[in-house]
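The values are calculated or read from the model by the stated rules, or taken from the named source; none is laboratory data. Worth saying up front: this structure is predicted, and the values here are computed from it rather than measured. Reconstructed Cβ throughout: ideal geometry from the backbone, glycine too, with neighbour counts over all protein chains shown.
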């Protein structure tokens with residue numbers, strides 16, 4: 001978070017603490033006590049909140065492997081993962097080779113390879 005939001009959080013917390021301190025002498029001011037506690041909690045939330053890390057990477061791509069349900073056919077297709085895909089899910093599409101129904105054979109995450117360090121030798 002930025003320095004400005006932390007300063008605002010500190011200011012709001014001090015305002016809430018001041019409100020609680022000023023209402024402690026009056027036994028009839030329960031509402032102001034709770035309002036002060038609410039203001040302090042909002043201030044501490046702003047003060048201690050952390051944003052998304054700067055080096056955050058998006059999740060790696062996921063792919064779906066589709067195969068023909070006919071064991072004699074060797075048709076295989078790889079496509080991007082769609083919401084609702086799961087292993088052994090029968091699909092309504094037909095095999096372009098033999099016309100049998102297809103099913104999802106696997107769902108995989110594509111891992112990125114780390115760059116290898118170059119040696120000077």
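Observations
- Looking across the range 78-89, the residues that are touching a strand residue (DSSP E or B) at 6+ places or on another chain (Cβ under 9 Å) and either within 17 Å of residue 61 (Cβ to Cβ) or surrounded by fewer than 10 Cβ atoms within 10 Å (Cβ to Cβ) (or both) come down to 78, 79, 80, 81, 82, 85, 86, 88.
- Matching residues, the range 48-76, being farther than 10 Å from residue 105 by Cα and in a strand (DSSP E or B): 62, 63
- Criterion (at pLDDT below 90, closer than 30 Å to residue 11 by Cα and not assigned by TED's automatic domain parsing to the domain that holds residue 9) met by exactly one of 116, 54: 54
- Residues of the range 32-48 include none that is exposed (fewer than 10 other Cβ atoms within 10 Å of the Cβ) and farther than 30 Å from residue 82 by Cα.
- Test: residue in the range 81-96 that is free of Cβ contacts under 8 Å to residues at least 12 places away in the same chain and under 23 Å from the mean Cα position of the chain (by Cα): yes
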